[in-house]
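Step one of this worksheet: look at the structure below.
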Amino acid sequence: MAHILRPIGMMQTSTLAIEFSRLTRRRVFILSGLLGALVLSLWLDILAGPSGLSAGQVIDGLINPQSLELRYKIILWDVRLPDALIAIVVGAALGLSGIETQTVLDNPLASPFTLGVSSAAVLGASVAIVLLPSVPFVPPAFILPVLALLGALSSSCLILIVVRLSGGARETVILFGIALVFLCNAIASGFHLIADADALQQVVFWTIGNLTKAGWLEVTIVTCCFLAIFPFSIKHVWLLTLLRGGEAHARSTGVDVSRLRTWVIIRSSILAAFAVCFVGTIGFIGLVGPHIARLLLGEDHRMLVPGAVLCSALILSIASGLSKTLIPGVIIPVGILTAVVGVPLFLFLLIQRRGRSS
Amino acid sequence: MRLSVKNLSAFYGKKQILHDITFPDVDGGMVVGLLGPNASGKSTLMKCLSGEKKSKGNIIFDDDNLQEVGSKKWHEKVATMPQTPPAPTALTPTELMWSTARALALPYSDKELSRKIESIFNDLGLSDFQLDALHTLSGGKRQLIGLALAFIRDPELLLLDEPTSALDLRWRMIVLELVKNKVQQDGRVSIAALHDLDLAARYCDLLVLMKNGKVIASGPSEEVLIPENLARVYHVETEIDLSKPGYPRIDVVGAI
Ligand SMILES: Nc1ncnc2c1ncn2[C@@H]1O[C@H](COP(=O)(O)OP(=O)(O)OP(=O)(O)O)[C@@H](O)[C@H]1O
Ligand SMILES: [Mg+2]
């Protein structure tokens, strides 16, 4: 009997270790490529702009700010650098929260935006622009992001409550998120009705998403938030990969899936709230950056999480550069360009992958 | 090693699913077959035994009472293969095995782990698919990966929820043979929910026959698999062929 039962194809040499490490190396290589592309794009983004700073001047100015003419110093340090950096940190933040939400909700369409975070931010911004154009003693530039942040964070709280009440059921969370989107949009529309033309234009402008209002303070806040949350994501990469094997598998290994889901949703919606409150809703990034990373790197979250961060940062950085150079003398709001840059790239990768697998 | 299950009850909401489940103590080296029609509570019992679902009553394994030691300690000894196979995502079997081992902090170096994964894949005939995306694999192969995921944890108590339901004739046999060998070698315990009575009679040392969340009969196969029991539980008329010792055959003549 025993001879029949012996599986065929035994006695191979230990190829798995070799092949797996080759695959891992290739992915690390792709990650390094993305990092390199990001640095390059940051550089080009700093160079791009109407005032004709040369590459040499930029290098000098970065190494020794005092060597620049005051005018150029201000342009470089107070406009170009913060604008270029906010693109990267906001992209990174949205990419991170996007990939994590997609994984824990097991839904390729999920992103912090489908949880209502951005709609709530728009609602907050609308309140700020329409109802509180000027509050005594408070600088106007301060009210808008704070209210947008409050809106976004309260939507996170609501989502959290729903996650707790539903015991972490996926569908409930997603459906509630969509409902929240409609609710916030409806209320915001109410404010838009009573807004004057000027305020309305401001709201529309904010909603499109735009990096040029951000300074060092904003860069610092978003960066700190990202850095505070990223280690938790890294700590969870194995669990998130395991979760891709299905909820039944995860539960059977003793993973508390509901708790993991709750944690991830809290942190990614907080991160998204901080990311959008200064720059408006650049929503598409958090959806497409992770998918591009998935196509390039597979599902192993050790690679996928950093990959999603890098891809999203890269797309937003490229969009930021293009927004300044596409039409000379005009800065196109970056929210328009993210889709214009991201969709073709995404389609290209999708089609290429389809072609390869069939 | 010894597993003892006494007076186990479990609920979904207010609805009682398991009623006072008790079966004879299971000693190391034994494979237990859990039998019963659909919705009789086999999967629910598995979830209770694995600690995934809360239950009332006693589950004692190796002097540890599940209700007392807490699920973390329990999961160190117990591995379950759920009835649902791994999800058909773009993940590869190797990545899933690897991340499972790492997420559970199994004490293997990278080299040991890859050797272990490779040998499990070899045993289960998965070597040719180890770096393919799960969604490109057939249903049976995915079921085998579910089994591999339980094996990687080297459990003392191995719970298998319908491990062979999607497998062809050959792999059904190989899998149960493999489980039996593992269990006998190190004196471990395995419980498998099965729908194939012939296989159960052939490979299990103890059978537990369930219906509506109650144990109807338990014991060795010749005591449990008798026409009266099968008629009562499955509503089928059967003839049992014992002419070949060790290989009882259950012929289902018709539904009642
Ligand atoms: N999540 C759940 N919520 C409510 N009831 C449930 C749930 N899961 C199972 N049940 C009920 O528990 C009972 C036992 O189901 P269980 O899945 O344990 O059966 P089973 O013996 O494994 O059946 P099968 O052979 O079809 O796998 C059924 O009546 C089922 O409806
Ligand atoms: Mg079942």
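The values are calculated or read from the model by the stated rules, or taken from the named source; none is laboratory data. Quick caveat: nothing in here was measured; it's all calculated off a predicted structure. When we count neighbours, we look across all protein chains shown, and the Cβ atoms used for this are built from the backbone with ideal geometry, even at glycine. Areas reflect the complete protein model, heavy atoms only, side chains present, ligands, DNA and RNA absent. Shrake-Rupley method; radii C 1.70, N 1.55, O 1.52, S 1.80 Å.
Rundown of residues vs (1) at pLDDT below 95; (2) part of a helix (DSSP H, G or I); (3) away from ligand 2 (no atom under 16 Å from the Cβ), yes/no style:
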| site | (1), (2), (3) |
| --- | --- |
| B:209 | no, no, no |
| B:222 | yes, yes, yes |
| B:228 | yes, yes, yes |
| B:238 | yes, no, yes |
| B:244 | yes, no, yes |
| B:251 | yes, no, yes |
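Scanning the stretch B:27-61 for residues that are within 14 Å of chain A (Cβ to nearest Cβ) and either more than 16 Å from ligand 2 (Cβ to nearest atom) or small (Gly, Ala, Ser) (or both) gives B:43, B:50, B:51, B:54.
Summed over the stretch B:179-195, residues that are away from chain A (no Cβ under 14 Å) and within 16 Å of ligand 2 (Cβ to nearest atom) total 3.
The residues listed here are B:73, B:53; of these, the one that is free of Cβ contacts under 8 Å to residues at least 60 places away in the same chain, within 16 Å of ligand 1 (Cβ to nearest atom) and more than 23 Å from residue B:145 (Cβ to Cβ) is B:53.
The rows are residues; the columns are (1) under 27 Å from residue B:221 (Cβ atoms); (2) polar (S, T, N, Q).
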position	(1), (2)
B:15	no, no
B:21	yes, no
B:29	yes, no
B:33	yes, no
B:44	yes, yes
B:63	no, no
B:66	no, no
B:81	yes, no
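Here's the yes/no breakdown for (1) touching a residue at least 12 places away in the same chain (Cβ under 8 Å); (2) surrounded by fewer than 24 Cβ atoms within 10 Å (Cβ to Cβ); (3) under 13 Å from residue A:100 (Cβ atoms):
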residue: A:241; (1), (2), (3): yes, no, yes
residue: A:266; (1), (2), (3): yes, yes, yes
residue: A:286; (1), (2), (3): yes, no, yes
residue: A:308; (1), (2), (3): yes, no, yes
residue: A:326; (1), (2), (3): no, yes, no
residue: A:338; (1), (2), (3): yes, no, no
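One residue stands out in the stretch B:82-91 among those that are touching a residue at least 60 places away in the same chain (Cβ under 8 Å) and more than 7 Å from chain A (Cβ to nearest Cβ): the one that is farthest from residue A:245 (Cα to Cα), namely B:83. Against the test of being without any contact (Cβ under 8 Å) to a residue 40 or more places away in the chain and open to solvent by 10 Å² or more (accessible area, probe 1.4 Å), the options B:138, B:114, B:99 yield a single qualifying residue, B:138. In the set (1) surrounded by fewer than 21 Cβ atoms within 10 Å (Cβ to Cβ); (2) within 12 Å of ligand 1 (Cβ to nearest atom), the condition left unmet by residue B:18 is number (1). Among residues that are touching a Pro at 6+ places or on another chain (Cβ under 8 Å) and in a loop (DSSP other than H, G, I, E, B), residue A:245 is included. Kindly establish whether residue B:71 is closer than 26 Å to residue B:43 by Cα, surrounded by fewer than 16 Cβ atoms within 10 Å (Cβ to Cβ) and out of contact with any helix residue (DSSP H, G or I) (no Cβ under 7 Å at 6 or more places or on another chain). In short, yes. Out of B:159, B:176, report the one residue that is within 11 Å of chain A (Cβ to nearest Cβ), assigned to a strand (DSSP E or B) and open to solvent by less than 10 Å² (accessible area, probe 1.4 Å). Sole residue among the options that is within 11 Å of chain A (Cβ to nearest Cβ), assigned to a strand (DSSP E or B) and open to solvent by less than 10 Å² (accessible area, probe 1.4 Å): B:159. Of all the listed residues (A:260, A:271), the sole one being within 14 Å of chain B (Cβ to nearest Cβ) and either touching a residue at least 12 places away in the same chain (Cβ under 8 Å) or in a helix (DSSP H, G or I) (or both) is A:260. A count restricted to the stretch A:293-302 and to residues that are part of a helix (DSSP H, G or I) and surrounded by 24 or more Cβ atoms within 10 Å (Cβ to Cβ) stands at 3.
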